[in-house]
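Only one structure is covered here, and it is reproduced in the block below.
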Amino acid sequence: MYPENDRVVFSGNCTSLAFFGPMTTCPKKSTALTGVIKNIGPGPQRALAVLGLTPDRVDVTSSHPGITDPEKVSLVVFNTEGDAGADRVWEAAYRTLGLPMLAVPVESGMLGAQARAGYVKWVLDAALIGLAALVLAGIVGAASVFDDQARGLGPIASFRNDRRFYVQVAFWNLSVPLAVVGVGAGAAIYVLGQMLLAIGDGGELSAGLVATGSLLIALGGLVVAVVCGEIAVRRARTWRPTGD
């Protein structure tokens, strides 16, 4: 493979060039690939794409012209036999070429992208676990503070001791703040997650999953409000004046 007039030329025998598809003729000079092979299969198209090429930009020839600049020539082997074929290619290269510089096209880029994607995934997972722990700690802390403050609602029992009133107090003190925190945390996770995915060159962060997490935080706040409201009702109903 070598460049020629802003195009790429594949030079090889007719058997090798048949990798691209049934040839109408075996070209003796540089000829457009699409001119000698009418139907290029998806496999050869993917192989060219790995090299950053498209069939309409490639020429083929069965001759071996003299190359004035060997540094611009690459020996390309299209392997169709998986790992076993790759091993044979490696062995043949070292046996016949001495110390060749072998490389699989885009392999390093793919491995790097996979490593970055894995890193970003672990970061996101750790962030979600940390957020869940933080939310749980926040709910428990808020419930504990409200439980301490519920003792101060006792005097109100002289005027009201219905359950609805105390549940509403708990709702405004617990559910609403936690819902706001849940929405804010979900938005922050989504924005920061998209930034991390952009840095990692791939991946996906489900907006539905983030929204579900925010909803669960809000529902957790609602459950805690009902429980704390019930505690406040019992505290108020059993309150008695002291120190009078």
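Scan segment 52-64 and tell me whether some residue there is touching a residue at least 40 places away in the same chain (Cβ under 8 Å) and under 20 Å from GLU81 (Cβ atoms).
No, the conditions are met nowhere in segment 52-64.
For segment 169-180, how many residues are open to solvent by 80 Å² or more (accessible area, probe 1.4 Å) and either under 21 Å from ALA132 (Cβ atoms) or modelled with pLDDT of 80 or more (or both)?
Total satisfying the criteria: 2.
Where residues in segment 1-56 are part of a loop (DSSP other than H, G, I, E, B) and among the β-branched types (Val, Ile, Thr), which of them is farthest from the chain's Cα centre (by Cα)?
Among those that are part of a loop (DSSP other than H, G, I, E, B) and among the β-branched types (Val, Ile, Thr), it is THR25.
Do we find that THR24 is modelled with pLDDT of 80 or more and in contact with an Asp or Glu (Cβ under 8 Å, 6 or more places away or on another chain) in this structure? First the steps, then the outcome.
Numbers: modelled with pLDDT of 80 or more: yes; in contact with an Asp or Glu (Cβ under 8 Å, 6 or more places away or on another chain): no.
In short, no.
Test VAL227 against the stated conditions and say whether it is open to solvent by 20 Å² or more (accessible area, probe 1.4 Å), within 20 Å of GLY141 (Cβ to Cβ), modelled with pLDDT of 75 or more and in a helix (DSSP H, G or I).
Values: open to solvent by 20 Å² or more (accessible area, probe 1.4 Å): yes; within 20 Å of GLY141 (Cβ to Cβ): yes; modelled with pLDDT of 75 or more: yes; in a helix (DSSP H, G or I): yes.
The answer is yes for VAL227.
Quickly run through segment 7-32 and pick out the residues that are out of contact with any Ser or Thr (no Cβ under 6 Å at 6 or more places or on another chain), buried (at least 16 other Cβ atoms within 10 Å of the Cβ) and small (Gly, Ala, Ser).
The answer is GLY12, GLY21.
Anything in segment 31-58 that is farther than 13 Å from VAL9 by Cα and touching a strand residue (DSSP E or B) at 6+ places or on another chain (Cβ under 7 Å)? List them, or say none.
Just the residues of segment 31-58 that are farther than 13 Å from VAL9 by Cα, to begin with: 35-47, 49-50, 52.
Correct list: VAL36, ILE37.
Could you list, ordered by first residue, the pairs with Cβ atoms under 6 Å in which the first is in segment 182-196 and without any contact (Cβ under 8 Å) to a residue 24 or more places away in the chain and the second is assigned to a helix (DSSP H, G or I), at least 6 apart or interchain?
Close Cβ pairs (under 6 Å, with a partner that is assigned to a helix (DSSP H, G or I)) amount to TYR190/VAL210.
Tally the residues that are aliphatic (A, V, I, L, M) and closer than 23 Å to GLU81 by Cβ, restricting the search to segment 34-44.
Residues that pass the stated criteria total 2.
The values are calculated or read from the model by the stated rules, or taken from the named source; none is laboratory data. Everything quoted here is computed from the prediction, not taken from an experiment. Cβ sites come from the backbone with ideal geometry, for glycine too, and all protein chains shown count toward neighbours. Remember, those area values only see protein heavy atoms, side chains included, never the ligands or the DNA or RNA. Shrake-Rupley method; radii C 1.70, N 1.55, O 1.52, S 1.80 Å.
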